[in-house]
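Below is one structure, written out as structure tokens; comments come after it.
The values are calculated or read from the model by the stated rules, or taken from the named source; none is laboratory data. Note that the structure is predicted; figures quoted are calculated from it, not measured. Cβ: placed from backbone, ideal geometry, glycine included. Neighbour counts: every protein chain shown.
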Amino acid sequence: MINYHKILEMHLQGISQRTISSSTGHSRDKIREVVNQAKAKGLEELTEKMTNSRLEDYLFPEKSANQRGYYDPDWDYIHKELLKKNVTLKLLHKEYEQEAKIQNKMPYAYRTFCEKYGHYGKKYKLTMLFIANPVKS
């Protein structure tokens, strides 16, 4: 996923596109595209509310999942629900599918849903503790 916030933050600090490219791991063409789009939209400062997904929707609305007819899940809600006992991604995907149908939008397939949640979950660096049952002799 492209780190729009980091790219624009560094650009607004006057850091060169070459340095931004090496710091973020994105190509110089991608950096140039993001910076030029931000200039075209008149973006001159960043706030905390400007997340990567919001920046992507603002700078590149044609790439938005909503534009393609997909229903975008509330990843914060999904993350909080997963912390509860006996809640699985499969269960949350079923709920998401029902909600998408109510909104007359197309739901993501289960595999895509899991991949997108995986990208979202990376920012929390989630791990899960597994306790092995001791073998009784």
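Working only within the stretch 6-43, note down all residues that are surrounded by 16 or more Cβ atoms within 10 Å (Cβ to Cβ) and either in contact with a Leu (Cβ under 8 Å, 6 or more places away or on another chain) or acidic (Asp, Glu) (or both).
Leu8, Glu33, Val34, Val35, Gln37, Ala38, Leu43
What pairs come out if I take residues in the stretch 103-129 that are surrounded by 13 or more Cβ atoms within 10 Å (Cβ to Cβ) and pair them with residues that are modelled with pLDDT of 80 or more and among the hydrophobic types (A, V, I, L, M, F, W, C) whose C-beta lies under 7 Å away, six or more apart or interchain?
As it stands, the answer is Met106/Ala100; Pro107/Ala100; Cys114/Leu89; Tyr117/Trp75; Tyr117/Ile78; Tyr117/Leu89; Tyr120/Trp75, since those pairs meet every condition given.
Counting only residues that are out of contact with any Phe, Trp or Tyr (no Cβ under 6 Å at 6 or more places or on another chain), of a type in the set (Phe, Trp, Tyr), modelled with pLDDT under 90 and not in a loop (DSSP other than H, G, I, E, B), how many does the stretch 108-137 have?
Residues in the stretch 108-137 being out of contact with any Phe, Trp or Tyr (no Cβ under 6 Å at 6 or more places or on another chain), of a type in the set (Phe, Trp, Tyr), modelled with pLDDT under 90 and not in a loop (DSSP other than H, G, I, E, B): 2 in total.
Condition first: exposed (fewer than 10 other Cβ atoms within 10 Å of the Cβ), charged (D, E, K, R), within 16 Å of the chain's Cα centre (by Cα) and at pLDDT 85 or above. Can you find one or more residues in the stretch 76-83 that meet it? Let's see the steps before the verdict.
So the first thing to find is which residues in the stretch 76-83 are exposed (fewer than 10 other Cβ atoms within 10 Å of the Cβ), and the list is 76, 83.
Filter once more, so that each one left must be charged (D, E, K, R): 76.
Checking which are within 16 Å of the chain's Cα centre (by Cα) leaves us with 76.
So of that shortlist, the ones also at pLDDT 85 or above come out as 76.
Within the stretch 76-83, one or more residues are exposed (fewer than 10 other Cβ atoms within 10 Å of the Cβ), charged (D, E, K, R), within 16 Å of the chain's Cα centre (by Cα) and at pLDDT 85 or above.
All but one of (1) farther than 18 Å from His119 by Cα; (2) at pLDDT 90 or above; (3) assigned to a helix (DSSP H, G or I) hold for Gly14; which doesn't?
With (1) farther than 18 Å from His119 by Cα; (2) at pLDDT 90 or above; (3) assigned to a helix (DSSP H, G or I) applied to Gly14, the lone miss is (3).
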